[in-house]
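Student: Supplied in structure tokens, the structure appears directly below.
Readers should treat all values here as calculations from the given coordinates under stated rules, not as data from a laboratory. Model, not experiment: these values are computed from the prediction. Using ideal geometry, Cβ is built from the backbone for each residue, glycine included, and neighbour counts are taken over all protein chains shown.
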Amino acid sequence: MKNNKENSEKIALIIGGSRGIGRAIALRLAQSGFNIWLTYRGNHAAAEMVKAEIEQTGRLCETLCFDISDYEETETALGEKTEARAPDVVVYNAGITRDNLLVWMTREEWDAVLSTNLDGFYNVMHTLLFPMLRAKKGRIVVVSSTSGQIGQAGQVNYSASKAGLIGAVKALAREVGKKNILVNVVAPGVIETDMTKGLPKDQILPLIPLQRFGSPDDVASVVNFLCSEEHMYIHGQVIGINGGLAI
Ligand SMILES: NC(=O)c1ccc[n+]([C@@H]2O[C@H](COP(=O)([O-])OP(=O)(O)OC[C@H]3O[C@@H](n4cnc5c(N)ncnc54)[C@H](OP(=O)(O)O)[C@@H]3O)[C@@H](O)[C@H]2O)c1
């Protein structure tokens, strides 16, 4: 594992780092010595709080506010940022849900989820890939979901977007492996964040062999491993973090 000093000139870009899982990943990578570029959509107060927490660890943090579903906004924000140098690590974490049974699902609910979760991947990665290819190194971790692996009733839009990310990463891994860019997916189960506040947890808990919901730190430790470990031969893989919900 790289020690903190070696990592200190490295930059981790966290897409969607202001809350929940992204916040925990940003803090964990800062503890491992990375300086952080942290993006978010609109929650300035939350982003500023994470920035302050990161700076308390002695690392630098810059915040960038833009909507990943908007190509031009994304290209402007990340294009400027990566002109001088590429990030060493990219964690594509931002995502939303708009749950409904498909028979009731509106076109807006479908479009909102697909344009953020899946089009956002294109918008972000298309902007970052040239600088990363030039650097001839890097790690990319994409946050999918158990829903994208096994499907979830009421989440046809979300499951499609998260399964799409898995396909996209597998293909991208074949494109960029020879450039020493390692790309993997983590697929969390039910993690306690703002996103899962309204779920019927009493009905879900019996389905989880570990008999607890996940914490953002459970996800952050796996992402940190994928990004910080020097000897890494894991590439194009999907790592479930779900307490056994999907086996
Ligand atoms: N929680 C779970 O159980 C669970 C399970 C499996 C997978 N996941 C996935 O894990 C990721 C994080 O989930 P979470 O529970 O931590 O969510 P969360 O607490 O709702 O946080 C979402 C983050 O994404 C950002 N974001 C959302 N839409 C965006 C957009 N259009 N442009 C830019 N940033 C945007 C938010 O920024 P603002 O703060 O500015 O809104 C925030 O930083 C998501 O991809 C989610 O699908 C979560």
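Student: Å³ per residue of the Cα convex hull, for the chain?
Tutor: Per residue, the Cα convex hull of the chain comes to 123 Å³.
Student: What ranking do I234, I140 get, fewest neighbouring Cβ atoms within 10 angstrom at the top?
Tutor: The most exposed by this proxy come first: I234, I140.
Student: On to the next question. Straight-line reach only, C-alpha to C-alpha below 20 angstrom: list the aspartates and glutamates that K10 could link to, leaving out same-chain residues fewer than 8 apart.
Tutor: Filter leaves E53, E55, E62, E80, E83, D88, E229, E230.
Student: Would you please name the GluC sites (Glu not before Pro) within region 1-82 that are DSSP coil residues with at most 15 other C-beta atoms within 10 Å of their C-beta?
Tutor: E9
Student: May I ask you to list, by number, the DSSP H helices of the chain whose Cα span along the axis is at least 20 Å and whose average Kyte-Doolittle hydropathy reaches 0.0 or more?
Tutor: Working: long enough: 120-135 (23 Å, 0.72); 156-176 (30 Å, 0.51).
Flagged H segments are 120-135, 156-176.
Student: May I ask you to order 17-27, 113-123, 188-198 by the average number of other C-beta atoms within 10 Å around their residues, highest value first?
Tutor: The peptides rank, most packed first, as 17-27, 113-123, 188-198.
Student: Okay, moving on. Considering only the other residues whose Cβ falls under 13 Å of the Cβ of L118, what net charge follows from Lys and Arg at +1 and Asp and Glu at -1?
Tutor: Counting the neighbours of L118, the net charge comes to -1.
Student: Among K201, K170, rank each residue by its count of other Cβ atoms within 10 Å, from fewest to most, as a rough exposure measure.
Tutor: Details: K201 12, K170 15.
Ascending Cβ contact count within 10 Å gives the list K201, K170.
Student: For region 37-132, which trypsin sites (Lys or Arg not before Pro) are both in a DSSP coil and crowded by at most 13 other Cβ atoms within 10 Å?
Tutor: Listed in order of number, the matching sites are R85.
Student: Are there chymotrypsin sites (Phe, Trp or Tyr not before Pro) in region 141-233 that DSSP marks as loop and that have at most 15 other Cβ atoms within 10 Å, and which are they?
Tutor: Sparse-neighbourhood loop chymotrypsin sites (Phe, Trp or Tyr not before Pro): Y233.
Student: List the lysines whose Cα sits under 21 Å from the Cα of K197, skipping any in the same chain fewer than 8 residues away.
Tutor: Excluding near neighbours in sequence, the set is K162.
Student: Would you list which aspartates and glutamates come within 19 Å of K170, measuring only between C-alpha atoms, while excluding same-chain residues fewer than 8 positions from it?
Tutor: Partners within reach: D119.
Student: Could you please report the charge total around V142, scoring K, R as +1 and D, E as -1 over all other residues with beta-carbon less than 13 angstrom from its beta-carbon?
Tutor: +3
Student: Using only alpha carbons, build the gyration tensor for region 104-220 and give me the equivalent ellipsoid semi-axes, biggest first, whole Å.
Tutor: Output for region 104-220: semi-axes of 29, 18, 11 Å.
Student: Separate question: Sort out for me the Cα centre separation of region 100-116 from region 155-187, rounded to whole Å.
Tutor: That distance is 21 Å.
Student: Taking Cα pairs under 8 Å and at least six residues apart, what relative contact order does the chain come out at, in percent?
Tutor: Worked out over the chain, it gives 20 percent.
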